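**Q** Take a look at the following structure, please.
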């Protein structure tokens with residue numbers, strides 16, 4: 001076997017350019033599979049991190065669609081959710097841990113000669129616990145401040161950085177729609193969502209402050225959404241059932257009529273996004289693996305050419321006692337060497353490409369051991385599969401005919 005390996009190496013090195021070009025298909029295939037799977041795995045990890053950051057037990061209650069002049073508007077355009085609905089959910093629903101009514105709008109924040117446009121959310125202190133926001137500096141606004149509509153604000157990391165730079169924002173006064181607001185706290189960075197949205201580009205003010213001082217609502221005490229959290233992930237379904245029952249009763253909706261609100265399960269939405277990413281990753285890997293098959297065909301083609309070129313050599317080996325199995329092993333070893341060398345080079349190239357993508361494009365990539373082993377194993381199988389026929393053909397040559405071949 002050692003002599004067979006030496007002979008295979010000498011044969012491949014005698015045609016260096018042809019061997020390198022033959023390996024190119026395997027190299028590209030392995031590198032493409034590793035890179036594509038790494039991109040898909042990185043996207044899946046981002047979604048999982050977002051789920052853990054948002055919370056898998058969150059439910060969002062949105063108003064239904066309004067109708068104007070017989071034309072039905074987009075979802076959430078109605079004003080049929082109120083502060084009293086949120087208070088009823090907090091009071092009557094046993095499967096819910098927290099309830100936070102929200103109103104929001106994009107506004108310009110001004111500090112000195114600096115300004116920044118961001119999403120201002122008016123809510124209760126419960127929103128920080130529900131959404132699992134961690135405090136970086138200062139404090140959150142208090143329940144007492146929320147009730148009296150105190151002019152205080154908690155800034156996300158992106159907003160604080162763009163308004164204050166390296167300056168400590170705690171205790172400073174900013175203006176939101178010409179209303180002076182004291183910065184009492186800043187939130188720890190959360191990063192981007194899987195959909196590319198910056199979660200830190202936000203600011204929170206007490207609900208009554210937003211309602212009375214910042215945003216003019218056409219319907220008194222109306223809210224744009226109610227964010228709630230169930231006791232745990234096992235209580236989400238029960239919490240959703242209680243929300244629907246309580247709101248249908250408060251809105252006097254008969255059994256035959258549909259809900260005038262929408263309850264969205266964040267876990268289900270994010271799970272669907274994760275499944276889509278997984279399917280896309282598998283599709284990308286499958287498409288990339290096609291180049292491995294093309295590389296295998298290239299190996300078969302070159303090995304058939306090699307058998308034809310070395311027919312006389314095969315005849316001499318058989319004449320001095322080489323068995324058909326020895327000839328078959330020799331050519332199969334050459335095909336295997338091509339696929340193994342291409343596979344190793346492809347692994348190095350694919351891993352490097354994943355790091356380059358992360359460094360230059362900012363995409364999260366995860367090169368897993370499983371994807372590397374799978375790609376390399378597939379390349380070896382391709383070499384064996386496509387190298388077997390030329391080796392088998394070589395072993396069937398007639399020694400006399402082979403010796404007379406010119």
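The values are calculated or read from the model by the stated rules, or taken from the named source; none is laboratory data. Being a predicted model, the structure only gives us computed values, none of them experimental. Note that we place each Cβ from the backbone using ideal geometry, even for glycine, and neighbour counts take in every protein chain shown.
**Q** Looking at 171, 149, 165, 156, which one is modelled with pLDDT of 90 or more and at positive phi?
**A** Result: 171 is the single residue among 171, 149, 165, 156 that is modelled with pLDDT of 90 or more and at positive phi.
**Q** List the number of the failed condition for residue 4; all other conditions in (1) at pLDDT below 75; (2) under 26 Å from residue 371 (Cα atoms) hold.
**A** (2)
**Q** Tell me, which helices (runs of 4 or more DSSP H) wholly within region 117-193 include 2 or more residues that are touching a helix residue (DSSP H, G or I) at 6+ places or on another chain (Cβ under 7 Å)?
**A** 143-148
**Q** Quick one: which of 221, 162, 208 is more than 24 Å from residue 99 (Cα to Cα) and surrounded by fewer than 19 Cβ atoms within 10 Å (Cβ to Cβ)?
**A** 162 is the lone residue from the list that is more than 24 Å from residue 99 (Cα to Cα) and surrounded by fewer than 19 Cβ atoms within 10 Å (Cβ to Cβ).
**Q** Here's another thing I want to ask about it. So residue 238 ticks every box in (1) in contact with a strand residue (DSSP E or B) (Cβ under 8 Å, 6 or more places away or on another chain); (2) within 19 Å of residue 131 (Cα to Cα) but one. Which box is left unticked?
**A** Among (1) in contact with a strand residue (DSSP E or B) (Cβ under 8 Å, 6 or more places away or on another chain); (2) within 19 Å of residue 131 (Cα to Cα), residue 238 violates only (2).
**Q** Can you pull out every residue in region 318-350 that is free of Cβ contacts under 8 Å to residues at least 60 places away in the same chain and farther than 30 Å from residue 367 by Cβ?
**A** Of everything in region 318-350, those that are free of Cβ contacts under 8 Å to residues at least 60 places away in the same chain and farther than 30 Å from residue 367 by Cβ turn out to be 320, 321, 322, 323, 332.
**Q** Here's a follow-up. Residue by residue through region 126-147, note down the ones that are touching a residue at least 40 places away in the same chain (Cβ under 8 Å) and closer than 15 Å to residue 183 by Cα.
**A** Across region 126-147, the qualifying residues are 135, 136, 137, 138, 139, 140, 141, 145, 146.
**Q** On to the next question. Could you look through region 368-393, keep only residues that are under 16 Å from residue 41 (Cβ atoms) and surrounded by fewer than 20 Cβ atoms within 10 Å (Cβ to Cβ), and pick out the one that is nearest to the chain's Cα centre (by Cα)?
**A** Among them, the one singled out is 368.
**Q** Please go through region 98-120 and pick out each residue that is under 25 Å from residue 232 (Cβ atoms) and surrounded by fewer than 23 Cβ atoms within 10 Å (Cβ to Cβ).
**A** 98, 102, listed by residue number.
**Q** Hey, among the residues in region 261-292 that are in contact with a helix residue (DSSP H, G or I) (Cβ under 7 Å, 6 or more places away or on another chain) and modelled with pLDDT of 80 or more, which one's surrounded by the fewest Cβ atoms within 10 Å (Cβ to Cβ)?
**A** The selected residue is 263.
**Q** All but one of (1) modelled with pLDDT of 70 or more; (2) on the phi > 0 side of the Ramachandran plot hold for residue 57; state the number of the condition that does not hold.
**A** Only one criterion is unmet by residue 57, namely (2).
**Q** Any chance you could count how many residues in region 343-360 are surrounded by fewer than 22 Cβ atoms within 10 Å (Cβ to Cβ) and over 24 Å from the mean Cα position of the chain (by Cα)?
**A** Number of matching residues: 2.
**Q** Starting from region 241-259, take each residue that is more than 22 Å from residue 58 (Cα to Cα) and list its partners that are in a loop (DSSP other than H, G, I, E, B), counting only C-beta distances under 8 angstrom and pairs at least six apart or across chains.
**A** Between residues of region 241-259 that are more than 22 Å from residue 58 (Cα to Cα) and residues that are in a loop (DSSP other than H, G, I, E, B), the close pairs are 251/80; 251/260; 253/259; 253/260.
**Q** Looking only at residues in region 218-231 that are assigned to a loop (DSSP other than H, G, I, E, B) and modelled with pLDDT of 80 or more, which one is nearest to residue 58 (Cα to Cα)?
**A** Checked region 218-231; the qualifying residue nearest to residue 58 (Cα to Cα) is 231.
**Q** Related question: Looking at the structure I just gave you, is residue 340 surrounded by 13 or more Cβ atoms within 10 Å (Cβ to Cβ) and either in contact with a strand residue (DSSP E or B) (Cβ under 8 Å, 6 or more places away or on another chain) or at pLDDT 75 or above (or both)?
**A** Here the answer is yes, as residue 340 does meet what is asked.
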